[in-house]
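Where a number appears in this text, it was derived from the coordinates with a stated rule and is not lab data. Predicted model only: the values in this text are computed from it and were never measured. We place every Cβ from the backbone using ideal geometry, glycine too, and count neighbours over all the protein chains shown.
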Amino acid sequence: MEVMEAIKGRRAVRRFQDRDIPLGDMRKILEAGIWAPSGSNVQPWEFVVVMERDNVRKVKLLSPGLFGNPAALVVLCVNRKLAEKGGKLGEESALMDVSMAAQNMMLMAYSLGIGSCPVLSFNKAALRELLNIPGHVEPVLILIFGYPKVWPKPPRRKPLREVAHVEEYGRPFE
């Protein structure tokens, strides 16, 4: 699959088939995450993988933004102790680093025929307790995964000339 095909084809999927994700495919998704760029190569991410259906259901109860019944989910976290090793810049870039890991994971999932959706609405304290996440590791995002019932249609995108500027703001990239 070409990179642009994956970028344009990936969608937020919230309706899933009742089908498990093979462990090997989950490993590929996680591997894609660890190959994301990170400031000063600090790699401040930690991934908590939840694949048992009962545990997925428990996380769903703590996450009002989590719709559907995903086969698996990954809680993406910032390890603050690692982020601090990068100095002030490392602390500031940690969320971007984890976000790039998330994008890699969603693109890999798409290439495997697996849908995904990022979820930001969840109870951090309850999630920490449920998954035994230590205090220096901060949950920042949940990615849900599963085989889609249907792939959503692509949303409209603004034309490049509306968002890209050449040499200075206000000169559209044509």
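Can you give the calculated 222 nm mean residue ellipticity of the chain, where each DSSP H run of n ≥ 4 adds -39,500 (n - 2.57) and the sum is split over every residue, rounded to the nearest 500 deg cm²/dmol? Each step should come with its number before you reach the end.
Values: 7 runs with 71 residues, N = 174.
My calculation for the chain gives -12000 deg cm²/dmol from helical runs alone.
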Centre separation in Å (Cα based) which lies between region 9-63 and region 76-148: 9
statement: Given a Förster distance of 45 Å, the FRET efficiency implied by the Cβ-Cβ spacing of His165 and Ser40, rounded to the nearest 0.05, works out to 0.95
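Where does each of 37-47, 138-148 land if you order them by average Cβ count within 10 Å, highest first?
On the way: 37-47: 18.2, 138-148: 21.9.
Highest-to-lowest ranking by the protection proxy: 138-148, 37-47.
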- prompt: Order of 162-168, 88-94 by packing, highest average Cβ count within 10 Å first?
  reply: 88-94, 162-168
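Would you mind getting me the FRET efficiency between Phe67 and Lys124? Use the beta-carbon distance for r and R0 = 22 Å, nearest 0.05. All intermediate terms of the calculation are to be shown ahead of the outcome.
Numbers: r = 19 Å, r/R0 = 0.87.
Step by step, r from the Cβ atoms, then E = 0.70.
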